[in-house]
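Visitor: The following block contains the structure, expressed as structure tokens.
The values are calculated or read from the model by the stated rules, or taken from the named source; none is laboratory data. Small disclaimer: the values here were computed from a predicted structure and weren't measured. Every residue, glycine as well, gets a Cβ built from its backbone with ideal geometry; the counts of neighbours run over all protein chains shown. Remember, those area values only see protein heavy atoms, side chains included, never the ligands or the DNA or RNA. Shrake-Rupley method; radii C 1.70, N 1.55, O 1.52, S 1.80 Å.
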Amino acid sequence: MDIQTELKLRNISINECSKKTGIPYGALYPLVHGKVNLENCQYSTLKKLAHFLGCQVQDFFTSFENFSVYWKNEKTADVTFTDNQVNITRYTTNPAKQIFSKSIMTKYELGEILSWRCWDKNRENIEKYLFKLGLTEFNPYTICRKTHGVMVQDKIWFKFNGENLTWENVR
């Protein structure tokens, strides 16, 4: 997750974020502008920032892997990541086979779309479902990485780089 992009999306200044989180401006500014490695930050600072942005601390460290979207065995889109955006190459505009409405989006917007392919994060016993996947926090990208985004009600699924899967393997 890119902190600077997330603040811009919410139209929040670093100063306002500093005041609302209690993180000193001098500590927040280099964090937002990528001048400080997140791995060297205090966990308490990251936790305050994650709470403010409505995400989990691990979201700051999630590495994104390109993937393809399929409807059964038909490739309908490729999803590629750059530092600050997600590029979607769509091969169909059929709404039954496609989950994207635009070709460029932020990682936050992709996360919102991927969350539609997960259980409700407020679901009763969500911790048990996450545990079965080897996860401790609700993160739509990591859930979809493990489940391939498969849902009962449609035939859309995700294939990540290096995987040799077909619809028959994941349904």
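Visitor: If you check ASP59 against the conditions, is it of a type in the set (D, E, K, R) and more than 12 Å from the chain's Cα centre (by Cα)?
Guide: Numbers: of a type in the set (D, E, K, R): yes; more than 12 Å from the chain's Cα centre (by Cα): no.
Spelling it out, it is not the case that ASP59 is of a type in the set (D, E, K, R) and more than 12 Å from the chain's Cα centre (by Cα).
Visitor: If you don't mind, there's one more thing I want to ask. I'd like the residue in the stretch 10-68 that is hydrophobic (A, V, I, L, M, F, W, C) and under 30 Å from ASN164 (Cα atoms) and, out of all such residues, is modelled with the lowest pLDDT.
Guide: Within the stretch 10-68, the match that is modelled with the lowest pLDDT is PHE61.
Visitor: Next up: Only one residue in LYS128, LYS155, LYS132 is at pLDDT 90 or above, more than 16 Å from GLU65 (Cα to Cα), touching a helix residue (DSSP H, G or I) at 6+ places or on another chain (Cβ under 9 Å) and open to solvent by 60 Å² or more (accessible area, probe 1.4 Å), so which one is that?
Guide: Sole residue among the options that is at pLDDT 90 or above, more than 16 Å from GLU65 (Cα to Cα), touching a helix residue (DSSP H, G or I) at 6+ places or on another chain (Cβ under 9 Å) and open to solvent by 60 Å² or more (accessible area, probe 1.4 Å): LYS155.
Visitor: Considering only residues that are in contact (Cβ under 8 Å) with a residue 40 or more places away in the chain, aromatic (Phe, Trp, Tyr) and not in a helix (DSSP H, G or I), which ones fall in the stretch 94-140?
Guide: The one that is in contact (Cβ under 8 Å) with a residue 40 or more places away in the chain, aromatic (Phe, Trp, Tyr) and not in a helix (DSSP H, G or I): PHE138.
Visitor: How about the stretch 5-31: which of its residues are of a type in the set (Val, Ile, Thr) and in contact with a Cys (Cβ under 8 Å, 6 or more places away or on another chain)?
Guide: If the condition is that a residue be of a type in the set (Val, Ile, Thr) and in contact with a Cys (Cβ under 8 Å, 6 or more places away or on another chain), then ILE23 is the only one that fits.
Visitor: For PHE138, are the conditions met, namely being under 18 Å from the mean Cα position of the chain (by Cα) and modelled with pLDDT under 90?
Guide: Numbers: under 18 Å from the mean Cα position of the chain (by Cα): yes; modelled with pLDDT under 90: yes.
Spelling it out, PHE138 is indeed under 18 Å from the mean Cα position of the chain (by Cα) and modelled with pLDDT under 90.
Visitor: Out of (1) farther than 28 Å from ILE3 by Cβ; (2) in contact with a strand residue (DSSP E or B) (Cβ under 8 Å, 6 or more places away or on another chain); (3) at pLDDT 95 or above, what's the single condition that is false for ALA96?
Guide: Condition (3) is where ALA96 drops out.
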